[in-house]
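Have a look at the structure below, then the notes.
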Amino acid sequence: MIITFERDHAQGDVSAVCDRIQATGELKSVVENGAPYTVVAVIGDINGRCETLIEQLGAMRGVAGVQRIGKKYQLAARKHPDQQTIVDVGHGVQIGGDRLAIVAGPCSIESEGQLRTIAQAVKNAGAHILRGGAFKPRTSPRDFQGLGEDGLRMLRDIGGEFGMPTQTEVMAPHQVDMVADHADILQIGTRNMQNYDLLKAVGQTRKPVVLKRGMSATFPEWLSAAEYILDGGNPHVVLCERGIRTFDSTMTRNTADVVAIPVLHGESHLPVMFDPSHAVGKRRHIADTALAGVAAGADALHLEVHHQPERALSDGDQSLLPEQFALLVQQMNIMREARTRCRTLRMGR
Ligand code: PEP
Ligand code: MN
């Protein structure tokens, strides 16, 4: 880190800072007495756990600012260009590998019949992972809250019938073991991206975790949330862009931040999923947005599908009909292929 002093600092301020650094026993300081600013470079490593020290140094007399050099999210950060985490989700399906992974299913699990009909349709169309919410984070307590454990059992059984790994949301630390017993992938929703107790709890499992972006989260906040899971010893983390809140939500539910996909690939080795359904919120725009996500390099696409969206208990407006989904899968595979060809050209191979 680099510490910069106020122009009118006293000489004693610099030595007090250097003494504080020395006292860690692990860090060294190098002083550059200069015009117009005096700076101290701090050399050494305390395992990325220097947040408190940075804050304390910033509060010392005469200090104008402290700039960190390394990343706050050391485990999530990309260390070299070829580093790529591949998350194995079971049934031979991977996220982050050569193949585009497709997650599809209803927003909420409503009944066994509903889930089976949709699972059959998305499986036939080429989806790899079956999603469905059993614990639903709803804006109003009077909205459908999900079928809870009954829903989890339906998801497990029907995923098994179709040989598909399953993904479902977990909303609270006390639900983690139960959800992990029934599902292959734990989803952390946008509203819980910064629920640190929940992140720590899923970090204690070894289940794949899809970490959705908080609706107003910056990239460092999001990657720091991933760091909580990785820090617990669970390396199987997938980042999911699902749209962010901006000034304009008149025509779409959120703003689809497609640029997040290459930004994350540059910054992190974790695979990236893209969810146009929640980003856009309107059925008619979902296919084009999904294709943009594939073109931008998403490792996985996440889509809500319902055979009777007008009867859905949540997110019917943004649910694709099975035939729309089937066409989109074909288009996404073409787009993925085109992207691979474009990259080959760019790399001159
Ligand atoms: C969902 O996947 O159904 C969901 C509630 O997603 P999000 O957390 O992105 O709103
Ligand atoms: Mn939904």
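The values are calculated or read from the model by the stated rules, or taken from the named source; none is laboratory data. It should be emphasised that the depicted structure is a prediction, and the values quoted were computed from it without experimental measurement. Methodologically, a virtual Cβ is constructed for each residue, glycine included, from the backbone with ideal geometry; neighbour enumeration extends over all protein chains shown. When the accessible area is computed, the model is the full protein with side chains, heavy atoms only, and any ligands, DNA or RNA have been set aside. Shrake-Rupley method; radii C 1.70, N 1.55, O 1.52, S 1.80 Å.
Given their separation in residues at 0.36 nm each and the Cα-Cα distance between them, GLN204 and ASP181 gain 6.9 nm when the chain is fully extended. How many nm separate the modelled label positions at ASP8 and HIS174, each set 7 Å beyond the Cα in the direction of the Cβ? Once both label points are built, they end up 5.7 nm from each other.
For segment 22-27, putting each phi into the Karplus relation 6.51 cos²θ - 1.76 cosθ + 1.60 with θ = phi - 60° gives couplings of 4, 5, 5, x, 10, 10 Hz, in residue order, rounded to whole numbers and with x for Gly and Pro. Size descriptors for the chain (Cα atoms only): Rg and Dmax, in that order, 23.4, 76 Å. Between segment 159-193 and segment 75-104, what is the separation of their alpha carbon centroids in Å? Going from one Cα centre to the other spans 18 Å. Summed over all non-identical Cα pairs, the Kirkwood treatment of segment 2-67 gives a radius of 11.8 Å.
For the chain, with every protein chain kept in place, what is the accessible area per residue (1.4 Å probe, Å²)?
Numbers: 16390 Å² over 349 residues.
The answer is 47 Å² per residue.
Rounded to the nearest Hz, the phi-derived 3J(HN,Hα) couplings of segment 227-242 under the Karplus curve 6.51 cos²θ - 1.76 cosθ + 1.60 (θ = phi - 60°) are 4, 4, 5, 5, 5, x, x, 9, x, 8, 10, 10, 8, 10, 7, 10, where x marks glycine and proline. Over 23 Å between Cα atoms: which of LYS136/LYS282; LYS28/LYS71; LYS71/LYS136; LYS212/LYS282; LYS136/LYS200; LYS136/LYS212 fall into that group? Listed pairs above 23 Å: LYS71/LYS136. Of the chymotrypsin sites (Phe, Trp or Tyr not before Pro) in segment 82-178, the ones in a loop by DSSP (not H, G, I, E or B) with at most 16 other beta carbons within 10 Å are PHE144. Any chance you could run the full-extension gain for ALA338 through THR250? It's 0.36 nm times the residue separation minus the Cα-Cα distance, nm to one decimal. Value of the extension gain: 28.4 nm. Using the Cβ-Cβ distance between ARG142 and GLN83 with R0 = 45 Å, the FRET efficiency computed as 1/(1 + (r/R0)^6) comes to roughly 0.45.
Once backbone amide H atoms are built at 1.01 Å from N, GLY281 has ARG253 as its partners under 5 Å, excluding neighbours fewer than 5 places away on the same chain.
Working note: Karplus 6.51/-1.76/1.60 with θ = phi - 60° gives segment 289-297 the couplings 5, 4, 5, 5, x, 5, 4, 7, x Hz, where Gly and Pro are set to x. Placing R0 at 45 angstrom, the Cβ-Cβ distance between GLU310 and GLN74 gives a FRET efficiency of 0.40 after rounding to 0.05. A prolate overall shape is assigned to segment 1-133, the ratio a/c of its alpha-carbon gyration tensor axes (a ≥ b ≥ c) being 1.5 or greater and a/b exceeding b/c.
If the chain between GLN22 and THR52 were fully stretched, how many nm would it gain, using 0.36 nm times the residue separation less the Cα-Cα distance?
Values: separation 30, 0.36 × 30 = 10.80 nm, distance 1.55 nm.
Gain on stretching GLN22 to THR52: 9.3 nm.
For ALA101, the amide hydrogen comes within under 5 Å of the amide hydrogens of GLY96, ALA300, LEU301, counting only partners 5 or more places away or on other chains and with H modelled in the peptide plane. The loop-placed trypsin sites (Lys or Arg not before Pro) in segment 8-78, going by DSSP, that have at most 10 neighbouring Cβ atoms within 10 Å of their Cβ come out as ARG49. Here the accessible area of the chain is 50 percent carbon and sulfur, with a 1.4 angstrom probe and all protein chains present.
Between VAL63 and GLU6, the built amide H atoms are under 5 Å apart, and every one of these is 5 or more places off in sequence or on another chain.
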